[in-house]
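For reference, the structure discussed in these notes is given below.
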Amino acid sequence: MVLDIRNNILNMTSKKDKKWTDVVFSVKKISLSYKLLGLLIIVLSLSFFWAFVDNTIPKTDFLGGLINFLSLVIVIVLWLITTYLSVRWYLALFKKNKSWIANNLSYMIHTLKLYDEETFETIKNNTVVREKRIVRAIRIKYKETDKHVFVRIMRDGDRFTSEATKLGENLESSLGLELDSTNQTVAFAEYTFLKHKDERIGLNSTVTSVNDSDEIKITGNISYELHKVPHSLIVGGTGSGKSFFILGKIINYLKLSPQADLRIIDPKKADLSLLRFVTGFENKVATEASQICRILRETVELMEQRYTDYFNDVSAFGKTYRDFSLPVVIVVFDEFSAFMHSVDKKLAKETLEYVYQIVLKGRQAGVMMEILMQRPSADDLPTNIRAQMGFKAGLGAMDSIGYNMVFDTNNVEYKTVTEKGGGYIQIDGKHTAPVYFETPYIDKDFDFIREIENLVKEKQ
């Protein structure tokens with residue numbers, strides 16, 4: 001059964017992907033003739049250089065000495081160029097016009113010994129000679145586009161099957177490219193590499209200037225449209241850059257047209273709670289349990305009212321809040337886990353019910369949740385809510401349990417995060433697995449409160 005499934009996937013792959021190229025691997029042995037040719041190139045090159053220098057007649061006058069010096073310089077340059085081209089030509093004899101990708105992957109196969117050899121006996125010059133021959137090697141395919149290099153390690157049920165999912169770091173080193181994402185099927189493990197390193201962008205570059213667009217850029221290569229990715233989960237401990245990231249996103253939302261309707265929940269009364277002093281946010285910032293439930297309840301009521309007013313007949317089929325020019329409503333819930341541990345079970349259950357209604361029904365009506373936590377916990381944020389989060393980010397150094405809780409996957413190789421604002425991200429419709437990223441750069445002296453005040457005033 002498994003074999004049939006794997007064969008079907010391979011057949012579909014071969015029909016759909018015409019540009020995949022096999023890496024043909026073989027251990028090349030340099031023959032005696034090629035060795036002699038290489039030695040001849042070196043001897044002729046050194047002999048020519050030595051003969052010229054040895055036969056150069058010293059000149060005592062200034063002009064003659066200058067001419068002699070310039071001639072020597074020219075000959076040295078020509079000798080270096082000729083030697084370089086000769087060596088390149090000599091090495092090319094063994095590459096057989098392979099691409100740089102194939103050559104580097106072949107080198108990786110050789111150095112990691114991802115092949116099996118067996119000894120055979122042959123007769124040469126009436127003598128029995130024992131030789132080693134490659135009987136099987138790991139199968140690798142690759143494909144190149146303008147922005148990416150794709151590498152597939154085939155899983156054929158041999159000893160290389162388990163190796164296929166562990167080669168991320170080796171492939172990165174061999175190709176000299178940054179791993180963007182991984183994908184694993186029963187038939188192969190696929191690695192996607194960026195040909196050009198992703199760039200960290202500034203806050204001013206995160207919102208597109210195109211009218212009626214709600215595209216938000218995270219990095220040079222990563223962006224998403226808010227109406228297609230409605231809910232977010234951001235996890236990060238102290239010093240991870242989580243606070244700057246969400247403040248930057250708040251500024252992005254206030255730059256949208258129409259301007260987003262923001263509701264802020266900060267049970268720890270930290271930086272986000274200070275937005276209650278900004279004009280326009282007076283009744284939209286909650287820090288106490290009763291206020292938090294009120295804001296969530298009012299948001300659910302607004303969502304239901306939108307469905308009643310705008311999605312009540314067949315003319316609304318296929319439409320969203322954007323078709324009615326409604327502002328997106330975003331609830332930013334900071335320190336979600338801390339709140340759930342600070343209230344009684346009845347209030348925690350009520351909060352979860354409101355949150356679940358929003359994440360389940362809010363997309364079409366334009367009502368969205370941004371949940372922030374220091375550490376993910378299945379007890380605090382159930383799976384049925386996490387599964388609705390289209391935008392997931394884990395900032396700072398996290399252990400495998402934390403990553404698995406955020407991204408619901410355990411077959412990804414995570415690198416150690418050392419950069420503040422660095423972490424892993426997964427966006428529905430963009431990534432099949434978490435990828436490394438760095439949040440938009442924000443100067444430490446940037447005045448968030450003043451910027452938010454100015455944006456709110458502009459839209460009034």
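If I stretch the segment between Asp344 and Tyr115 completely, what's the gain in nm (0.36 nm per residue apart, minus their alpha carbon distance), one decimal? Provide the component values of the computation, followed by the final result.
Values: separation 229, 0.36 × 229 = 82.44 nm, distance 6.05 nm.
So the extension gain works out to 76.4 nm.
Hey, can you grab everything whose amide H is under 5 Å from the amide H of Met369? Only 5+ residues off in sequence or another chain; H modelled, so Pro and N-termini drop out.
The list, which skips near neighbours in sequence, is Ser232, Val331.
At 7 Å along the Cα-to-beta-carbon direction for both Asp146 and Thr238, put a label point, then send me their distance in nm to one decimal.
The modelled label-to-label distance comes out at 4.7 nm.
Most exposed first by the Cβ proxy, i.e. fewest other Cβ within 10 Å, how do Tyr356, Tyr191, Tyr142 rank?
Details: Tyr356 16, Tyr191 26, Tyr142 22.
Final ranking by Cβ density, sparse to dense: Tyr356, Tyr142, Tyr191.
Residue separation times 0.36 nm, minus the C-alpha to C-alpha distance between Ala387 and Arg133: what's the value? If you can, show how the numbers build up before the last one.
Working: separation 254, 0.36 × 254 = 91.44 nm, distance 5.08 nm.
Extending this stretch completely gives an extra 86.4 nm.
Starting at the first residue of the stretch 304-310, write each ³J(HN,Hα) from the Karplus equation 6.51 cos²θ - 1.76 cosθ + 1.60 with θ = phi - 60°, in whole Hz, x for Gly and Pro.
My calculation for the stretch 304-310 gives 5, 5, 4, 5, 5, 7, 10 Hz in order.
Please compute the net charge surrounding Glu121, taking Lys and Arg as +1 and Asp and Glu as -1 over other residues with Cβ under 13 Å from its Cβ. Working shown, then result.
Numbers: positive: Lys124, Arg130, Lys132, Arg133; negative: Glu118, Glu131.
It works out to a net charge of +2.
What does the net charge come to around Phe391 if you take all other residues with beta carbon closer than 15 Å to its beta carbon, with K and R at +1 and D and E at -1?
That sum, taken over residues with Cβ under 15 Å, equals +2.
Kindly count the pairs of lysines across the stretch 207-308 whose alpha carbons are less than 28 Å apart, treating pairs on different chains or eight or more residues apart as eligible.
21
Less than 14 Å Cβ to Cβ from Asn404, Lys/Arg counted +1 and Asp/Glu -1: what total charge do the surrounding residues give?
On the way: positive: Arg375, Arg386, Lys392; negative: Asp399, Asp408, Glu413.
Once positives and negatives cancel, what remains is 0.
Would you calculate the separation in nanometres between label points at Asn183 and Asp408, each defined as 7 Å from the Cα along the Cα-to-beta-carbon direction?
1.8 nm
Which of the aspartates and glutamates could a cross-linker bridge to Lys361, judged by Cα under 13 Å and excluding same-chain residues fewer than eight apart?
Qualifying aspartates and glutamates at Cα under 13 Å: Glu301, Glu304, Glu353.
Can you work out ³J(HN,Hα) from phi for every residue in the stretch 336-352, in order, using Karplus 6.51 cos²θ - 1.76 cosθ + 1.60 and θ = phi - 60°, giving whole Hz and x for Gly and Pro?
4, 5, 4, 5, 5, 8, 9, 10, 6, 4, 5, 5, 5, 5, 5, 4, 4
Would you please give the FRET efficiency between Lys444 and Glu304, computed as 1/(1 + (r/R0)^6) with r the Cβ-Cβ distance and R0 = 51 Å, to the nearest 0.05?
Once the sixth-power term is evaluated, E becomes 0.75.
Could you name the aspartates and glutamates in cross-link range of Lys147, using Cα to Cα under 13 Å and dropping any fewer than eight places away on the same chain?
Glu178, Asp180, Asp198
From the square roots a ≥ b ≥ c of the eigenvalues of the alpha-carbon gyration tensor of the stretch 215-320, which class results: rounded (a/c under 1.5), prolate (a/b over b/c), or oblate? Walk me through the numbers before you get to the answer.
Numbers: a/c = 2.12, a/b = 1.23, b/c = 1.72.
Oblate, because a/c is 1.5 or more while a/b does not exceed b/c.
What's the Cα-based Rg to Rh of the stretch 202-276, Rh via Kirkwood? It would help to have the intermediate numbers written out before the result.
Details: Rg = 13.1 Å, Rh = 13.6 Å.
Result: Rg/Rh = 0.96.
Can you give the charge dipole size of the stretch 180-275 about its Cα centre, rounded to the nearest 20 debye, using +1 on the beta carbon of Lys and Arg and -1 on the beta carbon of Asp and Glu?
Details: 11 positive and 11 negative charges, 69 e Å.
Charge dipole, the stretch 180-275, about its Cα centre: 340 debye, nearest 20.
What is the extension gain from Asp156 to Asn126, computed as 0.36 nm multiplied by their sequence separation minus the C-alpha to C-alpha distance, in nm to one decimal? Kindly include the intermediate steps, with their values, before the conclusion.
Working: separation 30, 0.36 × 30 = 10.80 nm, distance 3.97 nm.
Answer, rounded to one decimal: 6.8 nm.
Can you run phi through the Karplus equation (6.51, -1.76, 1.60; θ = phi - 60°) for the stretch 152-157 and list ³J(HN,Hα) in whole Hz, with x for Gly and Pro?
Each residue's phi maps through the Karplus curve to give 10, 9, 6, 10, 9, x Hz.
Among Tyr307, Tyr84, which comes first, then next, by fewest other beta-carbon atoms within 10 Å?
Details: Tyr307 14, Tyr84 10.
Lowest to highest Cβ neighbour count: Tyr84, Tyr307.
Coordinate-derived values only; no laboratory data. Values in this document were obtained by computation on a predicted structure and should not be read as measured data. Reconstructed Cβ throughout: ideal geometry from the backbone, glycine too, with neighbour counts over all protein chains shown.
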